[in-house]
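The values are calculated or read from the model by the stated rules, or taken from the named source; none is laboratory data. The structure presented is a predicted model; accordingly, all values stated were derived computationally and were not measured. Here the Cβ is made from the backbone with ideal geometry for all residues, glycine too, and neighbour counts use every protein chain on show.
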Amino acid sequence: MLLRATLVLSLLLACAAARADLSFNSAHVMVVDETSGEVLLKKNIGVAAPIASLTKLMTAMVVLDAQQDPDEALRIDAADIDSLKHSRGGVRVGTVASRSALLELALLSSDNRAASALARSYPGGLAAFNAAMQQKILAFGLDSTSIVEPTGLSPNNMSSARDMVTVLRAASRYPAIAQITSQRSHAVLVSGRQRVFHNTNRLVGGSEWEVFLSKTGFTNEAGRCLGMQARADGRTVTIVLMGAAKPSGRLRDSMTIRRWLAAEKLSGAAQSDVAKYESAAVREN
C-alpha cells in the first residue's frame, strides 16, 4: 500500500506541474466548464479586441431570428465585394445560392461575401440588419462588444473573451449553427452545382476534441481567433482564444488546454486514490 501511495503522490506532483506550466500564444483566453459554469482558465478576459470572423456567429443568429425562407435564392453582387481589406476570396459575384447554402458558406468556410449577402437580404435591408444586431448585443448584455458590419473584416468589430463565451453559448442553442459548424466538410449547392467546402477549424473531426460548435477568425488586427464548444476528458467546455500572432498559435493553445484538462482528470483520480489510502490507513490503525 505504501508503494501505491508513493505512485499516487508522484502522479499528483506531475499533474500539478502540468497545471502550473501554462502559457498561451493568444492574447485573450477563456475556458468555461459548461456543466458547473466554472471558469477553468482565463487571460485578459474583459479586454475588448477585434474578433474578425467570430462576428459571423452573431450574424447567423440575427439572420436566423428573422425566419426568412431558407430556400429563397440569393445572388452575390458587387455590394458584397470586400471594400475594407480588398480581399479576393469567397464565392464569385453572380453566384446564386439559397439562403441556407449561404449560411453554410458563411459559417463553415467563413465566406465574407456570403455573410454580406445574408445581411443585405435581411427584411428591411442592411440598415434593418444593423439595428437588429445592436438589439441582439443589448439582449445578450454584451458590455464589451461592438459590431459595425456582418463579416468581421472591420477592426471595429470588437468583443472580449468573456462576451464571446456568452455568444458561443447563445449560438449553441441554434441547431442550424451547431450542425453546420461541427462538420469537417459539407457539399453545398452553389449556382446549380454541388461543391465541397471545408471547416476552417482543423480540430473539427479530429480525435482530440468532440466539437459541438466552432468558428475561427483572422484579420491582421485580430490575429488568429477561435471560439469552440467541445468535449474532452469527460468535460464539455466553451473555449475562446483571441489574438494569437501566428497561424499555429491557436492550435497550440488548444493543445495546452487539452493537456490541462487531461491533467485535471488524472489529478481527480489520484486524489480519490489518496482518500481511499487514508481511509484504509485509519481502519488499520
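As a summary of the residue check, Ala275 satisfies the conditions (1) modelled with pLDDT of 95 or more; (2) more than 16 Å from Leu107 (Cβ to Cβ) except for the one numbered (1). Only helices (runs of 4 or more DSSP H) whose full extent lies in the stretch 25-135 are considered here, and the ones with at least 3 residues that are at pLDDT 95 or above and among the small types (Gly, Ala, Ser) are 99-108, 112-120. Applying the criterion of being buried (at least 17 other Cβ atoms within 10 Å of the Cβ) and more than 12 Å from the chain's Cα centre (by Cα) to the residues of the stretch 200-220, the residue that is farthest from Ala52 (Cα to Cα) is Trp209.
One residue alone among Ala170, Ala139, Ala178 is at pLDDT 95 or above, part of a helix (DSSP H, G or I) and either in contact with a strand residue (DSSP E or B) (Cβ under 7 Å, 6 or more places away or on another chain) or of a type in the set (Lys, Arg) (or both), and that residue is Ala178. Residues in the stretch 197-228 that are farther than 17 Å from Arg252 by Cβ and either charged (D, E, K, R) or in contact with a His (Cβ under 7 Å, 6 or more places away or on another chain) (or both): Phe197, Glu210, Lys215, Glu221. Of the residues making up the stretch 164-177, one or more are of a type outside the set (Val, Ile, Thr), crowded, with 22+ Cβ neighbours inside 10 Å, under 16 Å from Ala52 (Cα atoms) and in contact with a helix residue (DSSP H, G or I) (Cβ under 9 Å, 6 or more places away or on another chain). For the stretch 236-253, the set of residues classified as polar (S, T, N, Q) and either at pLDDT 95 or above or touching a Cys at 6+ places or on another chain (Cβ under 6 Å) (or both) consists of Thr236, Thr238, listed by residue number. Contact map, the stretch 194-216: residues that are in contact (Cβ under 8 Å) with a residue 40 or more places away in the chain paired with residues that are among the basic types (Lys, Arg) and assigned to a strand (DSSP E or B), Cβ distance under 6 Å, separation 6+ or inter-chain. No pairs are found. Could you please find all residues in the stretch 109-153 being crowded, with 22+ Cβ neighbours inside 10 Å and among the charged types (D, E, K, R)? Listed by number, the residues that qualify are Asp111, Arg113. Scanning the stretch 96-107 for any residue that is at negative phi and in contact with a Pro (Cβ under 6 Å, 6 or more places away or on another chain) turns up at least one such residue. The residue of the stretch 181-198 that is farthest from Ser110 (Cα to Cα), among those that are at pLDDT 95 or above and buried (at least 20 other Cβ atoms within 10 Å of the Cβ), is Ser182. Applying a threshold of 6 Å to beta carbon distances and a minimum spacing of six or more residues, or different chains, the list of pairs starting in the stretch 149-175 at a residue that is on the phi < 0 side of the Ramachandran plot and ending at one that is buried (at least 18 other Cβ atoms within 10 Å of the Cβ) and modelled with pLDDT under 95 is empty.
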